[in-house]
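Below is one structure; the comments refer to it alone.
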Amino acid sequence: MKAIVFADHKSGKITKAGLEAISYAKGMGAEPIVVSYGSLEGDGGAGSAGATEVVVATAIQQFDGQKLTRLVVKMAEEKGANVVISSHDHAGKMVAPRVAARLDVAMVSGATALPADGNVRKNVFSGKAMADINLKTDKQVITVMPNSVGISQSEGTANVSTTDFDGGNSAVTVKAFHPLSTDGSVPLPEAELVVSAGRGLKGPENWGMIEELAKELGATTACSRPVADTGWRPHHEHVGQTGVAIRPNLYIAIGISGAIQHLAGVNASKTIVVVNTDPEAPFFKSADYGIVGDAFEVVPKLIEAVKEFNANK
Ligand code: FAD
């Protein structure tokens, strides 16, 4: 069985979400053939996650959903792929549904586990239920939720080849990319550690301690929707039903009530820590660890504790 894995990259390296998509293909028992664009450093790390082959379209220098769709379709047809896999991130969401439409095959978006008994599992109803979806076409397209499957470890490096396929014309021209995060932190969908805060913080001037805690932990910052709506924090930090859906290993929620729409985007986190003054706050029902206390007292203590831990590592 062959899998075409569409993988995005950053600074020449396949993204963590891309490596997870490769691992997913490997976990299915498929031979992962990675398709990427622009320029990679060597195999971009694809071989270390189990890919045997990497094809880079050097003529497509920037991310372009239409061009990359044509590239992935072409590669899937040329290589006789049984399945096309990508991460369920911004890049994958732009490319995978178009690929499924062009190939006229079934698709599951946001798979959270490897196929079992022919079914692919995903979360539905804002994370309140799981569905096992049976794909009835011979060929299939699957996008994989970041942080759902681990990255498989392999000793090998993949064979890298290039194609001069330029993807043809695009109905839109991407003029420039403006990275949302310039502080070097891991993008939210890929982050394993997230420190998030809500209206309990009272105002944007109080975010210094949230940023400091995140920095000490090596975490990415997030926020509740009203915090982004009122301009206290940028919109790309807003998590929840109408924001980014995440599943980090650790989600620390500070001064967030835990409304159902917020939980929809974070309740798949592996460990949830809640800091809230109100012992009746709904978030405590979803928490693994809860601290009933004032953020302005608790967070500085957490920062000190993490600093001490880091100093003694
Ligand atoms: P609040 O509800 O105001 O809660 C603040 C919390 O801080 C309280 O629990 C309070 O006890 C605590 N607190 C106060 N002071 C302190 C202190 N000093 N220390 C510690 N704790 C303190 N929301 C999202 O977040 N994401 C979404 O995607 C989203 N989508 C939505 C979609 C729809 C259609 C609708 C209708 C709503 C959506 N919402 C979403 C909004 C959601 O319903 C809640 O209103 C929102 O999550 C509340 O944000 P909050 O918890 O920051 O604020």
Expected output for segment 39-50 (first residue closer than 11 Å to Lys10 by Cα, partner crowded, with 24+ Cβ neighbours inside 10 Å and of a type in the set (S, T, N, Q), Cβ below 9 Å, 6+ apart or cross-chain) is Gly44/Ser36
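Pick from segment 264-295 the residues that are of a type in the set (D, E, K, R) and over 25 Å from Met145 (Cβ atoms): which of them is surrounded by the fewest Cβ atoms within 10 Å (Cβ to Cβ)? Let's see the steps before the verdict.
Initial filter on segment 264-295 (of a type in the set (D, E, K, R)): 270, 278, 280, 285, 288, 294.
In the following step, the residues that additionally are over 25 Å from Met145 (Cβ atoms) were identified as 278, 280, 294.
Values: Asp278: 12, Glu280: 9, Asp294: 13.
For segment 264-295, the residue satisfying everything is Glu280.
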Looking only at segment 149-171, decide whether some residue is within 16 Å of the chain's Cα centre (by Cα) and of a type outside the set (A, V, I, L, M, F, W, C). yes
Ser11: passes all of (1) without any contact (Cβ under 8 Å) to a residue 40 or more places away in the chain; (2) open to solvent by less than 10 Å² (accessible area, probe 1.4 Å) but (2)
Condition check for Leu217: more than 12 Å from the ligand (Cβ to nearest atom), among the aliphatic types (A, V, I, L, M), within 21 Å of Leu188 (Cα to Cα) and open to solvent by less than 60 Å² (accessible area, probe 1.4 Å) = yes
Sole miss for Gln261 among (1) open to solvent by less than 20 Å² (accessible area, probe 1.4 Å); (2) near the ligand (Cβ under 9 Å from one of its atoms) is condition (1)
In segment 58-70, residues that are over 27 Å from Gly150 (Cα atoms) and open to solvent by less than 10 Å² (accessible area, probe 1.4 Å) total 1
| query | Would a scan of segment 163-176 turn up a residue that is of a type in the set (D, E, K, R) and closer than 29 Å to Lys307 by Cβ? | reply | no
Only unsatisfied item for Leu114, checking (1) out of contact with any Phe, Trp or Tyr (no Cβ under 7 Å at 6 or more places or on another chain); (2) within 24 Å of Met1 (Cβ to Cβ); (3) not charged (D, E, K, R), is (1)
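Any chance you could count how many residues in segment 43-57 are over 20 Å from Asp164 (Cα atoms) and open to solvent by 10 Å² or more (accessible area, probe 1.4 Å)?
Looking only at that region, the number is 3.
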Going through segment 73-106 in order, the residues found to be in a strand (DSSP E or B) and either touching a residue at least 40 places away in the same chain (Cβ under 8 Å) or open to solvent by 60 Å² or more (accessible area, probe 1.4 Å) (or both) are Val83, Val84, Ile85, Ser86, Ser87
- Has segment 231-249 got any residue that is closer than 23 Å to Lys122 by Cα, crowded, with 20+ Cβ neighbours inside 10 Å, over 17 Å from the mean Cα position of the chain (by Cα) and near the ligand (Cβ under 9 Å from one of its atoms)? no
By residue number, the members of segment 283-313 that are under 26 Å from Leu188 (Cα atoms), among the acidic types (Asp, Glu) and within 11 Å of the ligand (Cβ to nearest atom) are Asp294
Filter segment 267-282 for residues that are under 20 Å from Ala214 (Cα atoms) and within 10 Å of the ligand (Cβ to nearest atom); the one that is farthest from the chain's Cα centre (by Cα) is Asn276
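The values are calculated or read from the model by the stated rules, or taken from the named source; none is laboratory data. Computed from a predicted model, the values in this text were never measured in an experiment. All Cβ positions, glycine included, derive from the backbone under ideal geometry; neighbour counts span all protein chains shown. Side chains included, ligands, DNA and RNA excluded: accessible areas come from the protein's heavy atoms. Shrake-Rupley method; radii C 1.70, N 1.55, O 1.52, S 1.80 Å.
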